[in-house]
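The values are calculated or read from the model by the stated rules, or taken from the named source; none is laboratory data. Fair warning: this is a prediction, and the values are worked out from it, not measured in the lab. A quick note on method: Cβ atoms are made from the backbone with ideal geometry, for glycine too, and the neighbour counts reach across all protein chains shown.
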Amino acid sequence: MPLVETKKALKESAKDELIKVILDSENSLKNVTRYLKDNSIQVSQQQSGNTFELLFKKEGSKPVIEAAESYCSTDEQSSDNFIIVFGKDRLGEGSDDLGNMLIGGMLTTLVETERIPDKIIFLNSGINLALDDSSVLPLLKKLEINGCELMTCGTCLDYFEKTEYLGVGRVSNMLEILDALVSYSKVINI
């Protein structure tokens, strides 16, 4: 929860108070630094092994974005907008081979239709679909080119030790993922 803790530290800090955040994950580093950049906060960074130290301060009277809704896009979604969540790397239960074929067929069909999701979120073993050796990677790249935002769970990438193999989209975090899930009235879970 580094992003949530960083947000809390900014909210509770005095103007120009120096804040230090220590992180043990590159994905957390990306999420926190993106949040700070979005808030126009200058940050210095040092790395020691697998540990990252960020130093920054809340400057002036510029308000820090407090609500996740402000940080993550939550514009009112039209009834045609939807997102897809891949919580696993195959479609359905039973035969893994059939499930892999079905996921490829589903994504092929999705690319060929006029309606594409606003976002696709990859969680748990679903992250395997977004890796650089995935058989569906070309399909996901087409969806991304056509405007679909592809978000992969950073904690999941860390857990499976696959961060450096992400082949499409970007690393995301649970705050952003949860915000997307509650912001859309149509969520398709795979």
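Quick look at the numbers
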quantity: Breaking point among (1) touching a residue at least 24 places away in the same chain (Cβ under 8 Å); (2) surrounded by fewer than 19 Cβ atoms within 10 Å (Cβ to Cβ); (3) assigned to a loop (DSSP other than H, G, I, E, B), for GLY92; calculated: (1)
quantity: Residues satisfying the stated conditions in the stretch 108-133, i.e. of a type in the set (A, V, I, L, M) and modelled with pLDDT under 95; calculated: LEU110, VAL111, ILE116
quantity: Matching residues in the stretch 5-60 - criterion: being within 22 Å of GLY169 (Cβ to Cβ) and among the β-branched types (Val, Ile, Thr); calculated: VAL32, THR33
quantity: Selected residue (only one of GLU161, GLU114 is farther than 23 Å from TYR184 by Cα and either in contact with a Ser or Thr (Cβ under 6 Å, 6 or more places away or on another chain) or not small (Gly, Ala, Ser) (or both)); calculated: GLU161
quantity: Residue ID - surrounded by the fewest Cβ atoms within 10 Å (Cβ to Cβ), chosen from residues in the stretch 7-26 that are in a helix (DSSP H, G or I) and in contact (Cβ under 8 Å) with a residue 40 or more places away in the chain; calculated: LYS11
quantity: Failed item, numbered, when GLN47 is tested on (1) surrounded by 11 or more Cβ atoms within 10 Å (Cβ to Cβ); (2) assigned to a helix (DSSP H, G or I); (3) out of contact with any helix residue (DSSP H, G or I) (no Cβ under 7 Å at 6 or more places or on another chain); (4) modelled with pLDDT of 85 or more; calculated: (2)
